[in-house]
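Okay, structure first, notes after.
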Amino acid sequence: MERIEFNNDTYPAISKETLEAMQDNIENAIETGKILYDNSLGSTSDVTLNESVANFDYICIVIVGTDTEKTIRIDDADNKSIYETLEYASGENHVIAFSRFVINKNKIEVVTANCGYYTIGYLNSKVTINLDRKNYIYIKKVIGYRRG
């Protein structure tokens, strides 16, 4: 086998066959996800998934708000409660929308008692808090993943 020298030490060169085998192993190890929920418009209410999150090692939830999108990863998601925020600009204001979600089996529930948004003025630094119990964060997609 050919050898390549690095920093006065020698290492075996990788053959084409070894390189192809490594690539195959990497491609097989890449975690493929299963779409559990997909709604291009998103939903601000409870979401029913097509399979229980208990069947997956982790899930990714794509959430959207006004002109912004965020993906969150939750390991061992079954029976978890999460609190999420989305930040965006609105005119002369900085807005932070916040919501709490409970994940249980094949459902993600919105806890509306913990929903609302803050508005912070860029020019005057005035802060307004809106606790109207309305969810301003949309769930757009949920993907479940299993590790190799």
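The values are calculated or read from the model by the stated rules, or taken from the named source; none is laboratory data. As the structure is a prediction and not an experimental result, all values here were calculated from the model. Here Cβ is always computed from backbone atoms with ideal geometry, including for glycine, and neighbour counts include all displayed protein chains.
Numbers for the structure displayed
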quantity: Scope segment 43-85; condition of a type in the set (S, T, N, Q), touching a residue at least 24 places away in the same chain (Cβ under 8 Å) and either surrounded by fewer than 12 Cβ atoms within 10 Å (Cβ to Cβ) or farther than 19 Å from Asn130 by Cβ (or both); matching residues; calculated: Ser43, Ser45, Thr48, Asn50, Ser52, Asn55, Asn79, Ser81
quantity: Boolean, Tyr88 is hydroxyl-bearing (Ser, Thr, Tyr), more than 14 Å from Asn135 (Cβ to Cβ), touching a strand residue (DSSP E or B) at 6+ places or on another chain (Cβ under 6 Å) and modelled with pLDDT of 95 or more; calculated: no
quantity: Residue in segment 91-128 that is nearest to Ser45 (Cα to Cα), counting only those that are touching a residue at least 24 places away in the same chain (Cβ under 8 Å) and not in a strand (DSSP E or B); calculated: Asn106
